[in-house]
1. Take the alpha-carbon centre of the stretch 370-437, take the same for the stretch 230-286, and report the distance between them in whole Å.
2. Treat each spin label as a single point 7 Å out from the Cα along the C-beta direction, and report the E233 to H214 distance in nm.
3. Please list, by residue number, every one of the chymotrypsin sites (Phe, Trp or Tyr not before Pro) in the stretch 33-104 that is coil in DSSP and has at most 16 other beta-carbon atoms within 10 Å.
4. Which number do you get for Rg(Cα) / (2.2 N^0.38 Å) in the chain?
5. Once you put a point 7 Å from the Cα of V204 and another 7 Å from the Cα of D26, both along the Cβ direction, what distance in nm separates them?
6. Using a 1.4 angstrom probe on heavy atoms only, work out the carbon and sulfur share of the accessible area of the chain in %.
7. What pairs from K200/K311; K78/K311; K254/K311; K17/K414; K78/K200; K117/K254 go past 32 Å between their alpha carbons?
8. Classify the stretch 1-68 as rounded, prolate or oblate from the Cα gyration tensor: take a ≥ b ≥ c as the square roots of its eigenvalues, call it rounded if a/c is under 1.5, otherwise prolate when a/b beats b/c and oblate if not.
Amino acid sequence: MSESLKENNPKIAKAQKLVGVKGMNDILPPDSARWEWLEGQVRALMARYAYRNVRLPIVEPTALFVRGLGEVTDIVEKEMYSFEDRLNGEQLTLRPEGTAGLVRSVVEHNLLYEGGKRLYYMGPMFRHERPQRGRYRQFHQIGAEVLGFGGAEVDAELILLANDLWRVLGLKDVRLEINSLGQPVERQAHRAALIAHLEKHSDVLDEEAKRRLHSNPLRILDTKNPAMQSVVESAPRLLDFLGEASLAHFNAVKAILDANGVTYSINPRLVRGMDYYNLTVFEFITTSLGSQGTICGGGRYDYLIEQVGGKPAPAVGWALGVERVLELIKEQGEPLPDLTPDVYAIIPETAALPVAMLVLQTLRACGVSAQMHAGSGEGMGSMKSQFKKADVSGARFALVFGAQELAQGHVAVKSLRDGEGAQRNEPLNTVAAWAHSLQSAF
Ligand code: ATP
Ligand code: MG
């Protein structure tokens, strides 16, 4: 059974080793245990807030993102994986974020027909960026979105939900920044003042800023270029251009956060990457992850549904970066979830396999996690090597299906944890009665 493909078929040339795409990671054990744990915590928390899960396609029409996110955004300008479907010429894109697709789906299926909806999603997103710690080309987001409600209370509910998630996940060192982008008319007035200010200091603007000066000046405020910090800091603040209604909305959000003991700071230069936001925007940031410190961002997007062709309806949401959240958990030194099996089955002879596997199936049905020793195809291997594997597995007990015990209707149960290896025999015909004694305490 161990011959290679080439030995079986000499005509096959040695295949070259293939590697994955740069910036797209395999998530493997034991790390995948943390992913499963996090996803479980998220599902349980979402259920407590009565948010329902959606699973949407990874590929969407390119036009959805161009229209939804805005043409002059990092994502649409340079980060999308777009391609033409070879079979029918459709222009398609691997989703770079989840909100546009969700809104497309809500409109397509008329989901707001019976009133507002609270939804969440989890899954991979794709952006062609320079891979580095906390920044990948395939990464994963979990997003929560509330559609059809315009009140400040849902903005606040979403922030409380995220905050609660950090608590459940045990995250320390996460701070909240909030801002209001007001309404399009207010932004229009601010925009003129902002362009005038930036033009006055055009000598310090970098190439990107110059390019965006008239297409998307607001985005210049969130530049990371140190040479532009003072110009940006002295720029007119959008908050000063907000009218009464926008300010009232912002104050209502703040009042709910205050009442719930949520600490935050107001960052007047927080603008977010997509064009679709208005009123409340926010980010959760940590200083423990270097420059990729934003773990979650969101805000209100009251005009996106209409922009994607739906009947006008308000909406608000956030998305968190799973890799960054997990990196933070790791950084805090949290141990991996324990996935060691309860028992490892040692099977000296292949003749014992049918009985042994029947016993293991019964144990599993009783909730015991059981790993079976598997052979090479030419036999089960020596007892010594089987016990070695049992030790490596971390199991608390070895079940030894020796011919002698089986002949007496028993299996030997050997403790692998206490030094001396206490051993007892258990009957094969009453497995369910002793199964629980093998389970870990938790
Ligand atoms: P950044 O400023 O770090 O590029 P962003 O504003 O582009 O972030 P959003 O589009 O708001 O990010 O996405 C929400 C979250 O998804 C981010 O806060 C971050 O945690 C995560 N994220 C975004 N891009 C990546 C990426 N390329 N790799 C890993 N995580 C990412
Ligand atoms: Mg980005």
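The values are calculated or read from the model by the stated rules, or taken from the named source; none is laboratory data. Please read these numbers as outputs of a predicted model, since none were measured by experiment. We place every Cβ from the backbone using ideal geometry, glycine too, and count neighbours over all the protein chains shown. To get the accessible areas, we keep the full protein, side chains included, count just its heavy atoms, and leave off ligands, DNA and RNA. Shrake-Rupley method; radii C 1.70, N 1.55, O 1.52, S 1.80 Å.
1. Cα centroid to Cα centroid, the span is 62 Å.
2. 3.1 nm
3. Here the sparse-neighbourhood loop sites are Y49.
4. Dividing the Cα radius of gyration by 2.2 N^0.38 Å gives 1.29.
5. Going from the V204 label point to the D26 one covers 4.9 nm.
6. 53 percent
7. Checking Cα-Cα distances, K200/K311; K17/K414 exceed 32 Å.
8. oblate
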